[in-house]
């Protein structure tokens, strides 16, 4: 019961802010107060929200959606509209109760229909129910049209007394531009409050919630006003029709919520406003026949059209990007998108690894010297070289002299064997088979349009068959010298069709290591191997892999070695997984979550939610990204979401220009410092740092020393004059 009450309370609050696509509590509270400027309308709206959310919960619908207010905001609008339009009575509240159920059902049905096309149902349920009650109420003798609004000052006095009347008169008498007055009135009209004071409060709440949404509301509104002036329509009509909120909501939706905010989304906001104006004016004439208001119909039409058109694109533009992961904040949508495309490239690419064990050399890369031309230019040839850069021993006149001959070929990723050719004999050294160019080959299907092809395989060495499922890293054949191959090597390419010899497609390789001179190493993440590079898949280190192999249900016992001001000295962390299959470390004492992913080669933290003074937060910062092999002095460079590190004041100013330019950055570096034994390590030391940058200049830096030992992991934090040490003991 307690849990249900919490869900209902959250759902009530967020039903108000959800009208602006927000889950900000401060903004929601402001909107809640504004809705009660007309106390009867406010009460009617609150009743509608409670009824809808309670019934949705009882019927067993998504608790997350209920908490977000997705099933309550349309009912809220209906309740506010009906409560303002009709006189308060027992019969009215009975009708509000029934209309809330109808609105909920319409919301659920439209969600089911629209979700198939990846579209939101917006405020369509509100429109349908509001028109239905306005039309049907003409035959309801018990419902009287509200007379409120005729004696406004009396009503204001009844709400807040003389002081409230004084404030109301002050705001009502402010000498401001007509367009700005209409802007505030339009904001207030979203909650059926037709006064400047309500609009000013909502604009303040909008600014608190999102600087991007606030700026878009002004850009969208004034773009529409300019078009009114351009076509010769008197903008004073907006002073009493209150339809200007369609411009505001449309601008926020298409400029920064359903797409990633950018200069392109801002331009589209400007271009779409004249369309909203034309639709608004035309629909007003149509609906006037039935004496109905257009309410938010133009906003719904233009927003849905725009979102759906973007989803139909065959070649989506990087300039205007559909927002697929919703954080209910334009800023968070933008910052997380920019962070994700840099840090989590597997969101863009299916992870393809190198098709071999150990270290190989790129003898021919993309657009090669001999082959790999035109439609087949995006391919690689791999060989094995010794310390003298030779690919063979002895004279190199026989196949077995070549180091890569008969070596294992592994599956570069999980998939299904699509095609195999296994009827071509190996060539003698120096000869080529021009008739059977590809030689013995295999094509593996990884996704619907991502296939890998490996060629020049030794005849009769295939370990898999057509139609067989293969795992990443599974041995599938041996390296040979068949086809157009003068010496043994592996030919590897990625393609979009399932046939041997298909045209290649440019595609990066997932995590791999490049060995440079003097045994120095570089870590590469979704990059294209270059000619003559000595490369390998990550050879995982047992100690690193074991320590960071967190399993759901596992508990970590945490204790501080030295005094720590930021947390309690003893804690227990638990490894869990949510309904979206996101794994996390949870600290109950601080109610903090550190989300992570581990693909077996790289451990990486994805996000943090909770107390930023907790030990878990420092652990999250220190191990942002760790490749699980030990390579001396190798350096990992990454970036963190700026929302995790910068204070609200800094972010406030950044938010305004974030769609165009980001001057704040948080940089992460990890260096592999020492290991006691390469074969059987008992101690590994890593050093990492997190630094905040303002226009490229470092403003703060936190250093970490991470020591992995056989039974524990120690973390030392250095930040200016503070120094804390904590020890993690894994049970």
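Quick look at the numbers
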quantity: At R0 = 25 Å, FRET efficiency that the Cβ-Cβ distance of residue 166 and residue 39 yields, to 0.05; calculated: 0.85
quantity: Crossing angle, helix 297-311 versus the chain [Cα axis fit, 0-90 degrees, rounded to tens]; calculated: 10
quantity: The stretch 366-479 - percent relative contact order, Cα under 8 Å, separation 6 or more; calculated: 27
quantity: Scattering profile of the stretch 12-162 at q = 0.09, 0.17, 0.22 Å⁻¹ [log10 I(q)/I(0), Debye over alpha-carbon scatterers]; calculated: -0.29, -0.95, -1.38
quantity: Pairwise label distance in nanometres, residue 676 with residue 347, each label 7 Å out on the Cα-Cβ vector; calculated: 4.0
quantity: Segment residue 309-residue 609, extension gain: residue separation times 0.36 nm, minus the distance between their alpha carbons; calculated: 104.6 nm
quantity: Estimated 222 nm signal from helices in the chain, with DSSP H stretches of n ≥ 4 weighted -39500 (n - 2.57), rounded to 500; calculated: -11500 deg cm²/dmol
quantity: Estimated distance in nm for a label pair at residue 88 and residue 1, the labels positioned 7 Å out from Cα along Cα-to-Cβ; calculated: 3.0
quantity: Stokes-Einstein diffusion coefficient of the stretch 58-130, Kirkwood radius over Cα pairs, 37 °C, 0.692 mPa s, in µm²/s; calculated: 256
quantity: Gain in span if fully extended, residue 574 to residue 234, counting 0.36 nm per residue against the direct Cα distance; calculated: 116.1 nm
quantity: Histogram of C-alpha separations across the stretch 369-473, 10 Å bin width, %; calculated: 13, 39, 36, 12, 0
quantity: Calculated P(r) tail over 15 Å for the stretch 600-697, as whole % of Cα pairs; calculated: 67
quantity: Residue 591 versus residue 663: modelled label distance in nm, points set 7 Å from Cα along the beta carbon direction; calculated: 3.6
quantity: Relative contact order computed over the chain (Cα-Cα under 8 Å; 6+ residues apart), in percent; calculated: 7
quantity: Exposure proxy order (Cβ contacts within 10 Å, fewest to most) of 697, 311; calculated: 697, 311
quantity: Rg and Dmax of the stretch 437-544, Cα atoms only, in Å; calculated: 15.4, 45
quantity: Cα convex hull of the stretch 542-730 - mean projected area over all directions, nm²; calculated: 11.6
quantity: Relative contact order for the stretch 542-730, counting Cα pairs under 8 Å that sit 6 or more residues apart, in percent; calculated: 18
quantity: Least to most buried among 631, 580 (fewest other Cβ within 10 Å first); calculated: 580, 631
quantity: Two-site FRET efficiency, residue 698 against residue 581, from Cβ-Cβ distance with R₀ of 41 Å, rounded to 0.05; calculated: 0.65
quantity: Interatomic Cα distance distribution for the chain, bins of 20 angstrom, percent; calculated: 15, 37, 31, 15, 3, 0
quantity: Once the Cα gyration tensor of the stretch 301-390 is diagonalised, semi-axes √(5λ) in Å; calculated: 42, 19, 9
quantity: Nearest 10 degrees, 0 to 90: helix 330-343 Cα axis against the chain principal axis; calculated: 0
quantity: The stretch 360-536 - Debye-derived log10 I(q)/I(0), Cα point model, q = 0.15 Å⁻¹; calculated: -0.84
quantity: Exposure proxy order (Cβ contacts within 10 Å, fewest to most) of 573, 131; calculated: 131, 573
quantity: P(r) of the stretch 252-408 over all Cα-Cα pairs, binned every 10 Å from zero, in whole percent; calculated: 8, 22, 19, 15, 13, 10, 7, 4, 2, 0
quantity: Computed over the stretch 251-294, Cα set: Rg, Dmax in Å; calculated: 13.8, 41
quantity: Range of Cα positions in the stretch 463-511 per principal axis (Å), largest first; calculated: 30, 28, 26
quantity: Potential lengthening between residue 466 and residue 369 on full extension [0.36 nm per residue; Cα-Cα distance subtracted]; calculated: 31.6 nm
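Here, each number is a calculation from the coordinates, and none is a lab measurement. Note that the structure is predicted; figures quoted are calculated from it, not measured. A quick note on method: Cβ atoms are made from the backbone with ideal geometry, for glycine too, and the neighbour counts reach across all protein chains shown.
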